[in-house]
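Heads up: the structure comes next, in C-alpha cells.
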Amino acid sequence: CRSSTLSSFFQAVFNLLIPDHAADAFSPPRLSEPSPWDVLVEWLLGGLSHWDAEHFLFIAEHGYLYEHNCAFLPLYPLSLWAVARGALWPLQRLLRLRSRLLLSAVLLNSLFSALAAAALYELGRVVLRRRRAAFLAALLFSLSPANVFMAAAYSESMFAFLAFTAMWQLEKGQSWLSGLLFSLASGARANGLINAGFFLYSQGKRFALQLQVGPGSLRKLPLLWKQVLSLASSVVLMSAGIFLPFAVFQYYAYVRFCGPGTGLDRTVPEPLLQLARDKGYRPAATDGAKPPWCSQRVPVVYSYIQDTYWNVGFLRYFELRQIPNFLLALPVTLLVSWAAWTYVSTNPRHCLTLGLERSKSEEEEKPRDGFCCPAAFVYVVHATALLAFGFSCMHVQVLTRFLGSSSPILYWFSAHLLQEHEPLLWRAGTDNPPSGRSVLGESPSSRGKGTPDNPVVRLLLNWRLITPLSKGILGFFLCYWLLGLLLHCNFLPWT
C-alpha cells in the first residue's frame, strides 16, 4: 500500500512538472466537457492513463470499437467497468465515466498489488521453505522495476495476483481452484496460456513418482492404463479451462469484426469515427471490407494484431536502432539468466531428469531448501521460457514488466543473492545464513531507533556499507521504479 501511495504521489509530481511528450500513441477524443472534479482527477492521476492504459480505459468505456483494441484481453477492462458503474456509481453526478474508470484502475491496482505481494510471500514459504527469503522477495516485489505498470491502468497487477495465487494453490494441492485462477489469468493477459505448463508438470511429476515406489507397492496401484487415462483426462480438462477465456474472446472478435455489417457506424459518436478515418483504424462490424484474418483457417485476431500493428515476430526486433531498447532489457535479462545458470549448475542431475526422478537423497534426508531447492525447478523453467520468447519474439524492452508480473524467479533470486552475499542481512534470526560467516548485530543506523525489521529499508539506510552486488540489485529496482514513473507518465518511451 505504501508503494502504491508513493507511486501515485511521484507520478502526479512528475506529470505536473514535466510537459507530456508528443508521442504517436492511441489518444481518443473526450466526448463530454469535464467538470472541475474531472479536471482534478486528471491532474492527480492522469499520468497513469498513458500508453496502453488508454486502450484499457477506452475499452471499458466504449467496448471493442477498433480492431487493434482486441490486443487487450477483456478481464481487466470489465473489472474497471464493474467498479466504475458499481462501487463508484454514487460519484456519477461529480465525475464522468472516464474519470471514474481511471479512479477504479488506481483503486483496483493498489488492491491487486498488495494481494499479489501476499500471494508471492505464501508461495515462497511453500516452495523455498524459508520464511525470511519469502518475505524479502515480497518486499522486492513491492519495489518492482515494473512498478509503474502495477500502478497505471494496465493489467499487470491483476495478472500477478491471479498467477501467483494460482501457483500457491497448486503447491497446496488445490488443483481445481488453481485451474480456475489460471483460467482467469488467461483472460487478463495472453501469456497466461503458458501457465497450463504448471498443471501439466504437476500431474506428470506425481505420476512419474508413483511409478518409482517399488515393485511391491506398484502391485497395489491401479492398472497403468487407468492411471494414464485419468492423468490425460485431467490434463486435457484443466488445459481446456485455461485456454477457454482466450478462445472465447477470439470468437467474440470474429463475430464482431467478421460478421455482417450491423450499421454500427450509425451508433458510434462521430468524433470516434473521424479518429478511425484519420488514423486508419478499422471499426467493428461496418459494411466495408472484412479484415484479412477473418479468412484464415483459424482466425485469431490477437496474433494478427501483434504482427500487423506492432510488427511482433521472431527476431524482428534485432535491428541496430533498437540497441537502446536492448540495453533497457539488459538488467532483467542478466538477472534471470544468472538465476537459471545458478539453478542448473547446482542441480545438474535434477534438471537433466526434469525433476521426475525420485532421488535417494530426498528419501533419506531433508531436501535442500532455498532458491536451489528441487521444488523451484518448474518456476526456473517457466522464467527461462518467458525470457527466451520475450527476447526473440517481442519488443524486447517489455521484458522487465513481462517477467516482473509473471514470474516469482526475479524476486526469489534477487532475495537469494542478497541473503547469500550481504553481511548486513546475516543477523540473528535470519534463516540459514551462509555457513562459516559471522552474524552481525543490528546496523548502526537502526540501533535504538525503533526501525522496523524491514531488510530492504535496513539496506537502503546503510547504503554506504552494503556490498556492490547489493547496490546493483537495489539500484536496478529503485532506478527502474523511479524512471518508470518519470518517463512513462509523461508519454516518454519506457519498458
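The values are calculated or read from the model by the stated rules, or taken from the named source; none is laboratory data. In this text, all values refer to a predicted model and were calculated from it rather than measured experimentally. Methodologically, a virtual Cβ is constructed for each residue, glycine included, from the backbone with ideal geometry; neighbour enumeration extends over all protein chains shown. For the accessible areas, the whole protein counts, side chains as well, though only heavy atoms, and no ligand, DNA or RNA atoms are used. Shrake-Rupley method; radii C 1.70, N 1.55, O 1.52, S 1.80 Å.
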Item to complete: Give, rounded to the nearest 20 debye, the magnitude of the charge dipole that region 1-136 has about its Cα centre when Lys and Arg contribute +1 at Cβ and Asp and Glu contribute -1 at Cβ.
Response: 960
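Rounded to two decimal places and with Rh computed the Kirkwood way over Cα pairs, what is Rg over Rh for the chain?
Numbers: Rg = 24.5 Å, Rh = 24.6 Å.
When Rh is taken as the Kirkwood radius, the ratio is 0.99.
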Discussion item. For the chain, what does the helix formula give at 222 nm: sum of -39500 (n - 2.57) over DSSP H segments with n ≥ 4, over the residue count, nearest 500 deg cm²/dmol?
Written reply: -19000 deg cm²/dmol
Worksheet entry | Packing-based order for 296-303, 112-119, 5-12, using average beta carbon neighbours within 10 Å, highest first | 112-119, 5-12, 296-303
Response to the item:
Expressed to two decimals, region 109-249 has a Cα Rg over Rh, using the Kirkwood radius, of 1.07
Discussion item. Positive end of the dipole of the chain, charges at C-beta (+1 Lys, Arg; -1 Asp, Glu), about the Cα centre: which of 133, 195, 255 has its Cα farthest in that direction?
Written reply: 133
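For region 174-213, what is the accessible area per residue in Å² when the probe is 1.4 Å? It would help to have the intermediate numbers written out before the result.
Working: 1640 Å² over 40 residues.
Value returned for region 174-213: 41 Å² of accessible area per residue.
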Worksheet item: Quick one: Cα convex hull volume of region 1-88, Å³ per residue?
Response: 133
Response to the item:
Regression test value, accessible area per residue of region 1-125, probe 1.4 Å, units Å², expected 46
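Under a point-charge model restricted to the Cβ atoms of Lys and Arg (+1) and Asp and Glu (-1), what is the dipole moment magnitude of the chain relative to its Cα centre, in debye to the nearest 20? Please list the in-between numbers first.
Values: 41 positive and 29 negative charges, 235 e Å.
I would put it at about 1120 debye.
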Item to complete: With the Cα gyration tensor of region 277-354 in hand, give its eigenvalues times 5 under a square root as the equivalent ellipsoid semi-axes, listed largest first in whole angstrom.
Response: 41, 20, 9
Fill in: Under DSSP loop assignment and at most 10 Cβ neighbours within 10 Å, longest GluC sites (Glu not before Pro)-free interval of the chain
1-318
Worksheet item: Which percent of the accessible area of the chain is formed by carbon and sulfur heavy atoms (probe 1.4 angstrom)?
Response: 64
